[in-house]
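The values are calculated or read from the model by the stated rules, or taken from the named source; none is laboratory data. Bear in mind that the values here come from a model prediction, so they are computed numbers and not experimental data. Reconstructed Cβ throughout: ideal geometry from the backbone, glycine too, with neighbour counts over all protein chains shown.
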Amino acid sequence: MLWCQRKMVIKLDHRHKKLDGDLLLTTTCPVECDFCVYSCKASKDAKKWMGEKTIKRVAEEYSKNDIGVRIGGGEPFYDLKKLERCLKIVLVYYKPNEILIITSGFFGDSKKNTKKHLEVIKKLGIDTIVISTDRFHLKRIPLKNIRNIIEISQKIGIEPVLRISIDSESYELIDELVEIIVKNRVPIEVHDWGVFGRAESLDKSPLGNFNKDQQYFFSKISEVAKKFNAPPDWRYYLTHSAKRSQRRYASDFFPTTFPNGNVYGCSMTMKGSYLGNINDEDLVDMLVKWKTSLPGHFCLSETSCQQVSKFLPDKYNHRCEYCKSYPLKIDGKEALGQKFLKIDTSMNLDKIFEKIKDGSRELLISFRLTEKDLNRETGSKIKEFLDKLEEGKIRYVLSRPLPRCLGFATRAKDPKNCSECRELFTIEDERVKYCEPSGGLAGWSLDSLKDRSQIHEYFEIEHRKKNYPKICEKCFFRNRGQCDGLCFKK
């Protein structure tokens, strides 16, 4: 079959770079998708666009490290002049076919407007455009826009690629999209959607069976292909609009730079992947520092950041949970992840609630209890506070386990013992540093780490040398093995 010989091998690697990196030209977007990772909003604020100095730094640092550029946002076409200026700077360092642009397709409302926007990038030699489409974009970007962009792109010599996110509520969209794809022989990427950023507050249940949803998509391609005498094999249409590293020493590295110059080692831009600011440091220097952290150690290795899961309790074993929590302090203001909140019982919990009730970020709450707090009265105050969070639909997780003697049970997803504690350890100066109650205990070197059980076992061995406070000695929760009480040993 001749169409099979036309498999898009060149499209899979048409920029000839070993990996790509994101240049987020702006964090403004007229679409304001419900699942936007970066929580972008419609705005004409110039501060939300990358300045020319920063664009030049990104182009310099990415190019000298053999990293391709994917220009996105936000919506890079939201200000056509700024996009044009960005491309002219980047093209000093790159060939046109080493650059990608991702768009929502908002400008495809008419063929005239579509042509106006696409001709700007065409005259600069850009040969590919990636259009994001899914049921969230569809609320504001009709499929008419997608059709217009595909038609005009193909007429003027730009290859359109559809970057499609699906779930179990996408079947109606899939039915319509497949006809567009097959009729126009459009390359596609198919993903589920990430539960980060604005998407954290969405119902996640439609993501329950991606394999089934994907198989439906591919079966529709085979079915509709007959209508247009097109290739029925779904693999004919698949492509990759961006590559994670093909370097053995940097398996999961995907640099992402925000308009202010802050750089992350991953497109999810969690606080654990924050590298520094590209206006102040060279990329290589940032990576040397990041490699001393747990996520950096594995992302910049021959393995994968999937290895981070080995250092999480089973109930939190999604690899991103570590980067959501650590470091506890947020260095990059736009970093995704939890806001760390330390609370001791001398604080006014009502005032704390008033300060946090309107925030959108998930909270990582650490109750700092002492021996005098191990009673039902303290437990009632804490439970009342947590109940208010639940009623106010404020997302939170507990960082430390709460002792059972407080008189109430925490949620199943919260830590129950030291093994599950989110504060059990951090990595500092390439060594394990244990939690504050451990008294400065240090552990294994980063290179010798295997998994969480190794870290916890050493912690337990050292804590056997300490004594429980009197209040814990006869506690039946401890004697039944329902509370390990290690936070309170001296």
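Here are some notes:
- Flag for R431 being among the charged types (D, E, K, R) and closer than 25 Å to F298 by Cβ: yes
- I101 within 23 Å of the chain's Cα centre (by Cα) and over 18 Å from L138 (Cα atoms): yes
- Test for S380: is it under 26 Å from D484 (Cβ atoms), small (G, A, S) and more than 16 Å from the chain's Cα centre (by Cα): yes
- Single condition I455 does not satisfy, out of (1) surrounded by fewer than 18 Cβ atoms within 10 Å (Cβ to Cβ); (2) within 23 Å of T292 (Cβ to Cβ); (3) not hydroxyl-bearing (S, T, Y): (1)
- Selection from segment 395-421 of residues that are in a strand (DSSP E or B) and of a type in the set (A, V, I, L, M): V397, L398
- Extreme residue, surrounded by the fewest Cβ atoms within 10 Å (Cβ to Cβ), among residues of segment 267-284 that are outside any loop (DSSP other than H, G, I, E, B) and among the aliphatic types (A, V, I, L, M): V284
- Set I330, I278, I356, I352: member being farther than 25 Å from H456 by Cα and in contact with an Asp or Glu (Cβ under 8 Å, 6 or more places away or on another chain): I278
- In segment 42-60, the residues that are modelled with pLDDT of 95 or more and closer than 24 Å to G337 by Cβ: K48, M50, T54, V58
- Unmet criterion (only one of (1) touching a helix residue (DSSP H, G or I) at 6+ places or on another chain (Cβ under 9 Å); (2) modelled with pLDDT of 95 or more) for L386: (1)
- Residue that is farthest from F217 (Cα to Cα) [pool: residues in segment 130-145 that are of a type in the set (A, V, I, L, M) and surrounded by fewer than 24 Cβ atoms within 10 Å (Cβ to Cβ)]: V130
- Of residues in segment 56-95 being of a type in the set (V, I, T), assigned to a helix (DSSP H, G or I) and in contact with a strand residue (DSSP E or B) (Cβ under 7 Å, 6 or more places away or on another chain), the one surrounded by the most Cβ atoms within 10 Å (Cβ to Cβ): V58
- Matching residues, segment 353-371, being more than 24 Å from L424 (Cβ to Cβ) and not polar (S, T, N, Q): F353, E354, K355, I356, K357, D358, G359
- Of the helices (runs of 4 or more DSSP H) contained entirely in segment 285-393, not one carries at least 3 residues that are free of Cβ contacts under 8 Å to residues at least 24 places away in the same chain and of a type in the set (A, V, I, L, M).
- When restricted to residues that are of a type in the set (A, V, I, L, M, F, W, C), in a helix (DSSP H, G or I) and either touching a residue at least 60 places away in the same chain (Cβ under 8 Å) or surrounded by 12 or more Cβ atoms within 10 Å (Cβ to Cβ) (or both), segment 476-490 contains 4.
- Criterion (touching a Leu at 6+ places or on another chain (Cβ under 8 Å) and either crowded, with 19+ Cβ neighbours inside 10 Å or modelled with pLDDT of 95 or more (or both)) met by exactly one of L336, L312, L328, L287: L287
- Verdict on I121 being closer than 24 Å to T257 by Cα and assigned to a strand (DSSP E or B): no
- Exactly one residue out of S219, S245, S241, S205 is touching a Cys at 6+ places or on another chain (Cβ under 9 Å) and either loosely packed, with under 14 Cβ neighbours inside 10 Å or modelled with pLDDT under 95 (or both): that is S245.
- Qualifying residue in segment 220-228 (condition: assigned to a loop (DSSP other than H, G, I, E, B) and of a type outside the set (V, I, T)): no
Yes/no matrix, rows are residues, columns are (1) surrounded by 14 or more Cβ atoms within 10 Å (Cβ to Cβ); (2) at negative phi:
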{"site": "D373", "(1), (2)": "yes, yes"}
{"site": "K388", "(1), (2)": "yes, yes"}
{"site": "L402", "(1), (2)": "yes, yes"}
{"site": "F425", "(1), (2)": "yes, yes"}
{"site": "D429", "(1), (2)": "no, no"}
{"site": "D447", "(1), (2)": "no, yes"}
{"site": "H463", "(1), (2)": "yes, yes"}
{"site": "K474", "(1), (2)": "no, yes"}
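- Which numbered condition G74 fails, given (1) within 19 Å of K44 (Cβ to Cβ); (2) small (G, A, S); (3) out of contact with any Lys or Arg (no Cβ under 8 Å at 6 or more places or on another chain): (3)
- In segment 134-150, the residues that are within 30 Å of Y93 (Cβ to Cβ) and in contact (Cβ under 8 Å) with a residue 40 or more places away in the chain: I149
- Of the residues R147, R198, R235, the single one that is of a type outside the set (S, T, N, Q), modelled with pLDDT under 95, assigned to a helix (DSSP H, G or I) and farther than 20 Å from S267 by Cα is R235.
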